[in-house]
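Scroll down for the structure; my scribbles are underneath it.
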């Protein structure tokens, strides 16, 4: 069947993006299989089932119109903010932090969904602001609050990594909306002046992670153990890796969290620099695809949402990779579609579903008939 005779909804799908998502996830399942010592259980099977369900959900969400995402942006934000408040009251404590709501069959991490809610709500706000009013002080109050309030709640859990992602993505959107640079210079000066205060508010383990980042060899068997073993795993993989199921750092239990935060280290030990480069290029394609949607967006809302979600995806990848290579403190950010876990995978596939909505709108604009 020729491409031109295919139904419009099929032609509208971003097939190269979907193939990239499938490739990343498949590579992740292979790595989870290896991390479990050559067994499908417990990680690879669960992850595959999750992905199948959530991938179908992503395709359903791609049929939601951009106007509907805009209409319900504030509602989504309010619900997610309420869930963050519930975490503070009734949240499940794990890994030293209170981040999850335990529903029995699944544990939800509302801070993951807040990454999307902030992007949608800030874009919704700026879509209603006339261009000449964007840099007015009174106008800035609302988007700053939309970013700062959830970032502050996430810090209380405490979850420094997610708070950073929310803040950076939100700030990027405020800048791209057209806010003048002088406001960012002033905000930067204020943040710099408050750094000593912020340091005092950090938990001891967070301070230790930052200190270890600055001097990795100061405590290689204690706080710095994760990072030391991660760097050994990555370095020992060389260019082509040790081979599938041949990773000694992961299989001999030297490398902790082989299936979650440090899955990139597990993968590069066995597949080497070439495997790592493949993953980075695949992520780079997804970010570039999202940015292109932002450039072609029909409205301020669509452009800002695409840019904000592209930045969110970029932060997921860059923070995790920098973290496991010792280029950033260990802050517990998973690697999208590779790391084991439900909330992060759900967030990323919802993110891609929203971007697919924008892609479908662009397709409708460029082709006669619509969907």
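The values are calculated or read from the model by the stated rules, or taken from the named source; none is laboratory data. As the structure is a computational prediction, the values presented were derived from the model and not from experiment. Please note: Cβ atoms are built from the backbone with ideal geometry, for glycine as well, and neighbour counts cover all protein chains shown.
Things to note:
- Here residue 70 meets the list (1) surrounded by fewer than 17 Cβ atoms within 10 Å (Cβ to Cβ); (2) in contact (Cβ under 8 Å) with a residue 40 or more places away in the chain; (3) within 30 Å of residue 128 (Cβ to Cβ) almost entirely, failing just condition (1).
- Some residue of region 331-349 being on the phi < 0 side of the Ramachandran plot and over 18 Å from the mean Cα position of the chain (by Cα): no
- A single entry from 170, 224, 192, 186 fulfils the requirement of being over 19 Å from residue 88 (Cβ atoms), without any contact (Cβ under 8 Å) to a residue 24 or more places away in the chain and surrounded by 18 or more Cβ atoms within 10 Å (Cβ to Cβ): 224.
- Enumeration of residues in region 9-43 that are within 18 Å of residue 260 (Cβ to Cβ), in contact (Cβ under 8 Å) with a residue 60 or more places away in the chain and exposed (fewer than 13 other Cβ atoms within 10 Å of the Cβ): 37
- Within region 168-182, the presence of at least one residue that is farther than 24 Å from residue 80 by Cβ and assigned to a helix (DSSP H, G or I) is confirmed.
- Output for region 147-158, where each listed residue is in contact (Cβ under 8 Å) with a residue 60 or more places away in the chain, surrounded by fewer than 23 Cβ atoms within 10 Å (Cβ to Cβ) and within 21 Å of residue 316 (Cβ to Cβ): 153, 157, 158
- Residue ranges of helices (runs of 4 or more DSSP H) in region 3-93 with at least 2 members over 19 Å from residue 114 (Cβ atoms): 8-11, 15-35, 43-61, 66-71
- Residues in region 229-271 that are over 27 Å from the mean Cα position of the chain (by Cα), in contact (Cβ under 8 Å) with a residue 60 or more places away in the chain and either under 20 Å from residue 341 (Cβ atoms) or not in a loop (DSSP other than H, G, I, E, B) (or both): 251 only.
- Residue selected from region 120-146 under the condition crowded, with 22+ Cβ neighbours inside 10 Å, more than 16 Å from residue 85 (Cβ to Cβ) and touching a residue at least 60 places away in the same chain (Cβ under 8 Å), by the criterion nearest to the chain's Cα centre (by Cα): 120
- Residue among 323, 274 that is surrounded by 19 or more Cβ atoms within 10 Å (Cβ to Cβ), over 23 Å from residue 54 (Cα atoms) and either in contact (Cβ under 8 Å) with a residue 12 or more places away in the chain or in contact with a helix residue (DSSP H, G or I) (Cβ under 9 Å, 6 or more places away or on another chain) (or both): 323
- Of the set (1) touching a strand residue (DSSP E or B) at 6+ places or on another chain (Cβ under 9 Å); (2) under 23 Å from residue 73 (Cα atoms), all apply to residue 307 but (1).
- Verdict on residue 59 being in contact with a helix residue (DSSP H, G or I) (Cβ under 8 Å, 6 or more places away or on another chain), surrounded by fewer than 19 Cβ atoms within 10 Å (Cβ to Cβ) and either modelled with pLDDT under 95 or on the phi > 0 side of the Ramachandran plot (or both): no
- Taking the conditions (1) more than 19 Å from residue 350 (Cα to Cα); (2) modelled with pLDDT of 95 or more; (3) touching a helix residue (DSSP H, G or I) at 6+ places or on another chain (Cβ under 8 Å) in turn, residue 74 satisfies each one other than (1).
- Flag not set for residue 161, criterion: within 30 Å of residue 31 (Cα to Cα), free of Cβ contacts under 8 Å to residues at least 40 places away in the same chain and buried (at least 20 other Cβ atoms within 10 Å of the Cβ).
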